[in-house]
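Trainee: Okay, here's the structure, questions in a sec.
The values are calculated or read from the model by the stated rules, or taken from the named source; none is laboratory data. Keep in mind that what you see is a predicted model, and the values were worked out from it rather than measured. Every residue, glycine among them, receives a Cβ derived from its backbone with ideal geometry; neighbour counts consider all protein chains shown. Just so you know, the surface numbers come from the protein's heavy atoms only, side chains and all, with ligands and any DNA or RNA stripped out. Shrake-Rupley method; radii C 1.70, N 1.55, O 1.52, S 1.80 Å.
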Amino acid sequence: MRPLGHIRVRPELFGLALLTTTALTLAVPPPLAAAAQPAPVRSAGTAAFTVEEQRLDRAVPQEILRRGGFDTVAPDFVRSLRGADSYAEAERAVARNGARLWQRAVDRAQGRGPARGDLSRDDDRPLYWARLALTRELRQWQPEFDLSESGRAALLGKLERSSRGQDSMDFPARGDIKGAEETKGVKRIVLTGFDPFTLDRDIRISNPSGATALALDGTVIRTADGPARIEAAVFPVRWGDFADGTVEQALREPLSRADLFTTVSQGRVGRIDVERFNGAWRGGFGDNENVSETGLVPVSDPASQPQWTTTSLPYHSIVAADTGRFPVYDNTSVTEIPAGGTAPVVRPDGPTPGSAARAGGGGDYLSNEIAYRATLLRDRLGLDIPGGHVHTPVLQFGAGNTDPATGSVTDPEFVRNRLDIIAQLRTIITVAAENS
């Protein structure tokens, strides 16, 4: 079968029939069909709010913002925008507030400053919903000066990058002094996580990969070979952002200075997977904007695009180590169309020569795609560093709190599961640094 062309579809028009059966099996089903998706709303004189922003007014997001202590972020941002009487001042206000939001979330996760709410500090959801509150305010802001559509889009992009830590993954130059610690000889590790997703299925959902990024950003871990510093960022669950090159833009410079990188996402129930192979295929699972994408992963220089990329993480050492309560697997399974074939075939031991990708070990969703893009960037930059993708267990609520219609936004087992996942990922990264 010839690879399908690049298709961009909104599931509210075509339902769930477009969702591929080769997607990574998650503990949550695909986004709900059209009837469950919010209809566009419009603020006077502005563009329609996004699907993600429309969810913000529901009871659960508002509770998470309040109980996370982030309910004042949007009003503060509005006051900052009102003080901007030129585009340059607006740029500064957006960059400052975005960076402040990211740092506030990192500080909260790492126990610095007041918690400002009764949600556990490890919770990643206040950052997600607060960011959407800021983008929604910026989208409807009507300044006194002329603001073009492209200018507003640029401000939104700056807000996204700064509030995700994407433009602050800065390693100190080797030999620099930071406090009393000399950075010479300190390994440099890049880690990425994701926003919550499948929110129309359960709007309470958290993503342990994003929580891990917040918990580890800027921290120094001690390894048998010495200290290692982690710089982290979070990425959106949106096909369009990936097609626009957000991964490459954010990671090109940090990877060129790193000794190791790990992209992380939420995967299967009760297990951790080190994904051996990543495929160049989008399988159609709906994203956080309820958009479905099917086709080859769109990259620059498609003529040189490989069908597969491979992890360079020390997976044997990671699997063999005692890293925590969840079992860790070296996952080598892929789905391919063999050379000369027409139908997809599951291969438990990796792709065969000349095959076309239909799913990597991490499936055919954005977790597979960030792994593919990051490892392809590694190869195109000619970097000889370990890097690849790790799938966390699905973060589950406690027994008796599984119904999103009646359940609470948190419970002790939910918090314990997230803390255990974060701790185990930290240990896995330590093992990877020690064996690289």
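Trainee: From the phi angles alone, apply the Karplus equation (6.51, -1.76, 1.60; θ = phi - 60°) to the stretch 270-283 and give each ³J(HN,Hα) in whole Hz, x where the residue is Gly or Pro.
Mentor: Karplus values, whole Hz, x for Gly and Pro: x, 8, 10, 10, 8, 7, 6, 10, 10, x, 8, 9, 9, x.
Trainee: Here is a further query. Across the stretch 158-304, how large is the tail of the calculated P(r) beyond 26 Å, expressed as a percent of all Cα pairs?
Mentor: Result: 32 percent of Cα pairs exceed 26 Å.
Trainee: I would also like to ask the following. With the other protein chains left in place, how much accessible area per residue, in square angstrom, belongs to the stretch 372-436 at a 1.4 angstrom probe?
Mentor: 38 Å²
Trainee: Something else about it: Under a crude label model (7 Å from the Cα following the beta-carbon direction), how far is residue 317 from residue 257 in nanometres?
Mentor: Here the answer is 2.4 nm between the modelled labels.
Trainee: Just how far, in whole angstrom, is the stretch 363-397 from the stretch 113-174 if you go by their alpha carbon centroids?
Mentor: The distance from the Cα centre of the stretch 113-174 to that of the stretch 363-397 comes to 24 Å.
Trainee: A further question on this structure: If you count only protein heavy atoms with a 1.4 Å probe, what accessible area per residue comes out for the stretch 171-302, rounded to a whole Å²?
Mentor: I get 28 Å² per residue for the stretch 171-302.
Trainee: On to the next question. State, as an integer percentage, the relative contact order of the chain based on alpha-carbon contacts under 8 Å between residues 6 or more apart.
Mentor: 20 percent
Trainee: Still on this structure, please answer the following. Taking just the alpha-carbon atoms of the stretch 217-301, what radius of gyration and Dmax come out, in angstrom?
Mentor: 15.7, 45
Trainee: Could you tell me which residue out of 315, 50, 407 lies farthest along the dipole of the chain toward its positive end? Charges go on the beta carbon: Lys and Arg +1, Asp and Glu -1, centred on the Cα centre.
Mentor: Projecting each Cα onto the dipole axis, the largest value belongs to 407.
Trainee: Separate question: Can you find, among 303, 338, 254, the residue sitting farthest towards the positive end of the charge dipole of the stretch 244-400, where Lys and Arg contribute +1 and Asp and Glu -1 at Cβ?
Mentor: Of the candidates, 338 comes out farthest on the positive side.
Trainee: Normalised by the number of residues in the stretch 307-436, what is the relative contact order in percent for Cα pairs under 8 Å and 6+ residues apart?
Mentor: After rounding, I find 30 percent.
Trainee: Next question, about the same structure. Suppose every K and R has +1 on its Cβ and every D and E has -1 on its Cβ; what is the size of the dipole of the chain about the Cα centre, in Debye to the nearest 20?
Mentor: The calculated dipole for the chain is roughly 280 debye.
Trainee: Comparing 93, 105, 280, which has the greatest mean-square fluctuation in the GNM of the chain with Cα pairs linked when under 10 Å apart?
Mentor: 93
Trainee: Right, something else. As an exercise, identify the GluC sites (Glu not before Pro) in the stretch 87-165 lying in DSSP coil whose Cβ has no more than 13 other Cβ atoms within 10 Å.
Mentor: Answer by residue number: 144.
Trainee: Need the full-extension length gain, residue 220 to residue 79, defined as separation in residues times 0.36 nm minus the C-alpha distance. One decimal, nm.
Mentor: That works out to 47.2 nm of additional length.
Trainee: Stokes-Einstein D for the chain at 4 °C, 1.567 mPa s, Kirkwood Rh over Cα pairs, in µm²/s?
Mentor: In µm²/s, the coefficient rounds to 58.
Trainee: Carbon-plus-sulfur fraction of the accessible area of the stretch 68-147, 1.4 Å probe, in percent?
Mentor: 45 percent
Trainee: Along the charge dipole of the chain, Cβ charges K/R +1 and D/E -1, which of 372, 162, 361 sits furthest on the positive end?
Mentor: Towards the positive end, the residue furthest out is 162.
Trainee: Also, I was wondering about something else. Quick one: what do you get for the stretch 58-214 if you divide its Cα Rg by 2.2 N^0.38 Å?
Mentor: Rounded to two decimals, the normalised Rg is 1.14.
Trainee: In the chain, what percentage of the DSSP-assigned beta bridges are antiparallel, given to the nearest 5?
Mentor: Around 55 percent of the beta bridges assigned by DSSP in the chain are antiparallel ones.
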